[in-house]
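Asker: One structure, pasted below without further comment.
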Amino acid sequence: MDYYSSQISKLIEEFTALPGIGAKSAQRLAFHVINMPVERVEELANAMVTARKKVCYCKECCTLTDQELCPICSKPDRDHTTIMVVENTRDLAAYEKTGKYNGVYHVLHGAISPMLGITPADLRMKELMIRLQADVKEVIIATNSTLEGEATAMYLSKLIKPSGIKVTKLASGVPVGGDLEYIDEVTLLRALDGRIVM
Ligand code: ZN
């Protein structure tokens, strides 16, 4: 039996489909929206539609941005010969927050996972290989220290090494199984400073 109006039920259903939102939270959010002034709801809805439409991939590093080139790639004073490879834009943000890394990034948008059927072709590796044809001195692999992240690091290292470019990997300061975005700045910097040649 449907306890709510079909519109509320539809809203709850939509919220439930979002990651990390259970049935209870979905209900709470739906009722919150119903009680908001209609102008605020319009603002919220518009912000979502605009973000979805405007956000695209940086043509250089593949991070999410709303320009052709992201703010990092478009800065001439960044060291464009050092590329740090990360799994996602959140990991990039974690390193950027430390303010100590002056190179540029490459965002893969995931990691190799046979379990989830994610193959190298599903990640932004082709784009990385194209970038390596320019003047690049070092590729720092900063994938997560999960099984998937490690497999991705191994794969990339094998792929890049024949080109003669130095390939390094973050030191083991990053806890195994830890997502980069949840690790504190000190640990991140230690991992970066102590990086090892693959
Ligand atoms: Zn970029």
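The values are calculated or read from the model by the stated rules, or taken from the named source; none is laboratory data. In this text, all values refer to a predicted model and were calculated from it rather than measured experimentally. Reconstructed Cβ throughout: ideal geometry from the backbone, glycine too, with neighbour counts over all protein chains shown. Protein only, heavy atoms only, side chains kept; ligands, DNA and RNA dropped before computing areas. Shrake-Rupley method; radii C 1.70, N 1.55, O 1.52, S 1.80 Å.
Asker: Which of the following residues is within 14 Å of the ligand (Cβ to nearest atom) and within 27 Å of Val197 (Cα to Cα): Leu64, Leu92?
Answerer: Values: Leu64 fails: within 27 Å of Val197 (Cα to Cα).
Just a single option satisfies the conditions, and that option is Leu92.
Asker: Kindly indicate whether Glu96 is part of a helix (DSSP H, G or I), in contact (Cβ under 8 Å) with a residue 12 or more places away in the chain and within 14 Å of Leu159 (Cβ to Cβ). Outline the logic, then answer.
Answerer: Values: part of a helix (DSSP H, G or I): yes; in contact (Cβ under 8 Å) with a residue 12 or more places away in the chain: yes; within 14 Å of Leu159 (Cβ to Cβ): no.
When the stated conditions are applied, Glu96 does not pass them.
Asker: Which is within 16 Å of the ligand (Cβ to nearest atom), at negative phi, open to solvent by less than 90 Å² (accessible area, probe 1.4 Å) and touching a helix residue (DSSP H, G or I) at 6+ places or on another chain (Cβ under 9 Å), of Leu44, Leu69, Leu29, Leu108? Before you say what the answer is, go through the steps one by one.
Answerer: Details: Leu44 fails: within 16 Å of the ligand (Cβ to nearest atom); Leu69 fails: touching a helix residue (DSSP H, G or I) at 6+ places or on another chain (Cβ under 9 Å); Leu29 fails: within 16 Å of the ligand (Cβ to nearest atom).
After applying the criteria, what remains is Leu108.
Asker: Could I ask something else about it? Return the pairs, sorted by first residue and then second, in which the second residue is buried (at least 18 other Cβ atoms within 10 Å of the Cβ), the first residue lies in the stretch 150-164 and is closer than 14 Å to Val136 by Cα, the beta carbons are less than 8 Å apart, and the residues are 6+ apart or on different chains.
Answerer: Ile160/Val139; Ile160/Val167; Lys161/Val167
Asker: Residues in the stretch 117-124: is at least one open to solvent by less than 50 Å² (accessible area, probe 1.4 Å), of a type outside the set (Ser, Thr, Tyr), away from the ligand (no atom under 16 Å from the Cβ) and part of a helix (DSSP H, G or I)?
Answerer: yes
Asker: Another one. Looking only at the stretch 47-61, which residues are more than 8 Å from the ligand (Cβ to nearest atom) and touching a helix residue (DSSP H, G or I) at 6+ places or on another chain (Cβ under 8 Å)?
Answerer: Residues of the stretch 47-61 more than 8 Å from the ligand (Cβ to nearest atom): 47-57.
Of everything in the stretch 47-61, nothing turns out to be more than 8 Å from the ligand (Cβ to nearest atom) and touching a helix residue (DSSP H, G or I) at 6+ places or on another chain (Cβ under 8 Å).
Asker: Residue check, Glu39 against (1) of a type in the set (Asp, Glu); (2) modelled with pLDDT of 95 or more; (3) under 28 Å from the mean Cα position of the chain (by Cα), all met but one. Which one?
Answerer: (3) is the only condition that Glu39 fails.
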